[in-house]
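Data first, discussion second: the structure below is written as structure tokens.
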Amino acid sequence: MLIGIWKNIEDLEDNLSLPELNAILGASRDREYRQNKFAASLKGIDLDKISAEQNQERFDEIERRAQAKLHAMRTGANVEHTEQRLELANFGFALEIEE
């Protein structure tokens with residue numbers, strides 16, 4: 001709940017600074033996350049564990065794409081083929097594509 005000296009919403013919008021807006025937005029996101037976490041815990045789901053796993057998977061995916069792009073830039077190869085080669089190389093396979 002906002003407590004302030006504002007007369008109405010327009011006055012609030014005109015006088016609200018960026019740091020105040022960021023604080024309000026952050027508090028709103030935290031509140032919503034806590035509500036979602038509580039609702040999920042009633043169903044036996046741990047949101048903290050899921051989000052940590054998803055973050056790691058997403059980071060690994062971004063890192064693979066970046067490595068493929070760097071390799072493709074150095075060698076002049078196709079980025080999609082390079083991504084496939086690097087992905088298979090992680091499993092010990094090699095991919096040969098005829099172009």
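Since every read-out is calculated from the coordinates, none of them should be taken as a lab result. Remember, it's a predicted structure, so these values are computed and weren't measured experimentally. So basically every Cβ, Gly included, is an ideal-geometry build from the backbone, and we count neighbours across all protein chains shown.
Points worth noting:
- Sequence ranges 64-74, 24-34, ranked by mean other-Cβ count within 10 angstrom, highest first: 64-74, 24-34
- The Leu70 and Arg29 beta-carbon pair, evaluated with R₀ = 22 Å, returns a calculated FRET efficiency of approximately 0.05.
- Cα convex hull volume per residue for segment 1-56 (Å³): 104
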